[in-house]
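The values are calculated or read from the model by the stated rules, or taken from the named source; none is laboratory data. Computed from a prediction, not measured in an experiment: that's the story for all the values here. Cβ: placed from backbone, ideal geometry, glycine included. Neighbour counts: every protein chain shown. Please note that ligands, DNA and RNA were not included when accessible areas were found on the heavy atoms of the full protein model with its side chains. Shrake-Rupley method; radii C 1.70, N 1.55, O 1.52, S 1.80 Å.
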Amino acid sequence: MKSLLPLLAFCLVGCQDKVLGLLDNATPLVNIHVKVTGDLQALRPPGTLAETPHLRVAVVWGATYLPDAFCAIYQTLPLDPSATAVAQAGCRDDFGFAPSLVGESVAVSADGTATIPLINLPNAAVLIGEVTSRIGYASIIVFDDRNESGTLELHRAPGTAVGVPGGPGGGTGPAVGAPGDVTPVIKGDFVYGASFVSMTQPDQRIAYLEGTFDANNALYGLFYPRAGCGGPPTGFSVLSAGGFSAVDGLKAMATGSAPAEDPTTCGTATLDSTVTIPLQATETVRDVVCPGGGTSGTVRYVAPAAQPDWQQPWACMPVVYSACLVGIALPGQDCSTFNAKARPSLAIAAPPGDCKGTTHFLLKGCATDPNCATPQWDYTTPAKLPVWWPCDTGATP
């Protein structure tokens, strides 16, 4: 990823979690007005039709999500059929909204309207930039609160931190009880829409800016960028953009720039305006409740200590990715020396579930960096090389 995706160094300034709203019945800082449209009944899975839906909307602040280079390349470009199959099964939307922190949530009225009072300023952990200029973005997510918890529970991809049993998207799981108790079933929340799903689609996002927006701040150009749009005002606002194509986004990432929006689709409004969210099938919007993990999103790197599940899509892939794969030679880079056939990595998709995930088995590397200087493991010697290893060993041809 270092060869394709710029490393983001961002400042997370520590402060108390809640600046306002420490007292009960505090006056809201602002109110977000929401209108939900569409026919919910037509979108509900057959197994839930006997339930009474509890439709709610929640403010969810976004994380700094960087797609793994493998996902960014092979989910967008038809370069390798095996790799494409893995990416489609195991990679989330390369340019999709990734959740970090669930905020306020309210029920949707029978007429489809809701007003969300924001009692607290966003946690500093979801703001990008420095004290004098930092920004956060949120998506308004529509969900069926099937477990009636009053809030939206996020889920995790297979192989990462454990999520809520059942997770969003409809699974069910047992709750933990005392020995001998009858174990109840926890119903996972269903997501039915979001104001900000992906940068490749038109979006309406809630913005919060402290200080003055700096258009030249490289961090802002990589944090859900709106290149070609004006900056937001200080405080809360509603921003809109028309989106860009995944191919344009990939080419821009390869050169460290931000893909441009059509300026005629850009908008800035106050929170007096209404955020309209059309209902849609859970399968098309599920990623918005699946957090990414660090700079590799839903991709993890592991040692080949055990055989993978060969029933899932898999492919032998290079450990080091390069902009040369998309036909871009960066300054000082000679694409003629790039060996795309050296494939000492086994990429395999996680089993189907609420959230997607991909595992890269590395003969040598680290859990957080496949190209680390001091590897955590090394299986490249003949004595340690797994007998089931299907890929090259990385030796120079």
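Brief remarks on what is shown
- Residue within the stretch 55-73 that is open to solvent by 50 Å² or more (accessible area, probe 1.4 Å), at pLDDT 80 or above and over 30 Å from V247 (Cα atoms) present: no
- Screening V34 against (1) modelled with pLDDT under 50; (2) within 16 Å of G103 (Cα to Cα); (3) surrounded by 14 or more Cβ atoms within 10 Å (Cβ to Cβ) leaves a single unmet condition, (1).
- Filter result (modelled with pLDDT of 90 or more and more than 27 Å from the chain's Cα centre (by Cα)) within the stretch 313-363: L363
- Of the set (1) open to solvent by less than 30 Å² (accessible area, probe 1.4 Å); (2) within 20 Å of D354 (Cβ to Cβ); (3) assigned to a strand (DSSP E or B), all apply to G103 but (2).
- Filtering the stretch 216-241 to residues that are farther than 20 Å from T270 by Cα, open to solvent by 20 Å² or more (accessible area, probe 1.4 Å) and of a type in the set (A, V, I, L, M, F, W, C) leaves A218, L219, L222, A227.
- Selection within the stretch 66-92 - part of a loop (DSSP other than H, G, I, E, B), out of contact with any Lys or Arg (no Cβ under 7 Å at 6 or more places or on another chain) and of a type outside the set (D, E, K, R): L66, P67, Q75, T76, L77, P78, L79
- Flag for R300 being part of a strand (DSSP E or B), modelled with pLDDT under 90 and among the charged types (D, E, K, R): yes
- Out of L209, L219, sole residue that is touching a strand residue (DSSP E or B) at 6+ places or on another chain (Cβ under 6 Å), at pLDDT below 85 and under 21 Å from W61 (Cα atoms): L219
- Pair list, Cβ < 9 Å and 6+ apart or interchain, from the stretch 40-53 residues that are without any contact (Cβ under 8 Å) to a residue 24 or more places away in the chain and closer than 13 Å to T282 by Cα to residues that are small (G, A, S) and open to solvent by less than 80 Å² (accessible area, probe 1.4 Å): none
- Residue list for the stretch 270-285, restricted to those being surrounded by 15 or more Cβ atoms within 10 Å (Cβ to Cβ) and of a type outside the set (S, T, N, Q): L271, V275, I277, L279, A281, V285
- Residue match in the stretch 127-140 (condition: crowded, with 18+ Cβ neighbours inside 10 Å, in a loop (DSSP other than H, G, I, E, B) and more than 20 Å from the chain's Cα centre (by Cα)): no
- Condition met for D392 (of a type in the set (D, E), touching a Cys at 6+ places or on another chain (Cβ under 8 Å) and modelled with pLDDT of 70 or more): yes
- Apart from one condition, A305 fits all of (1) at pLDDT below 90; (2) open to solvent by 60 Å² or more (accessible area, probe 1.4 Å); (3) not basic (K, R); the exception is (1).
- Cβ-Cβ under 8 Å pairs, at least 6 apart or on other chains, the stretch 214-226 side basic (K, R), far side not in a loop (DSSP other than H, G, I, E, B): R226/L239; R226/A241
- Positions within the stretch 221-265 being part of a loop (DSSP other than H, G, I, E, B) and in contact with a Cys (Cβ under 8 Å, 6 or more places away or on another chain), in sequence order: R226, G228, C229, G230, G242, E261
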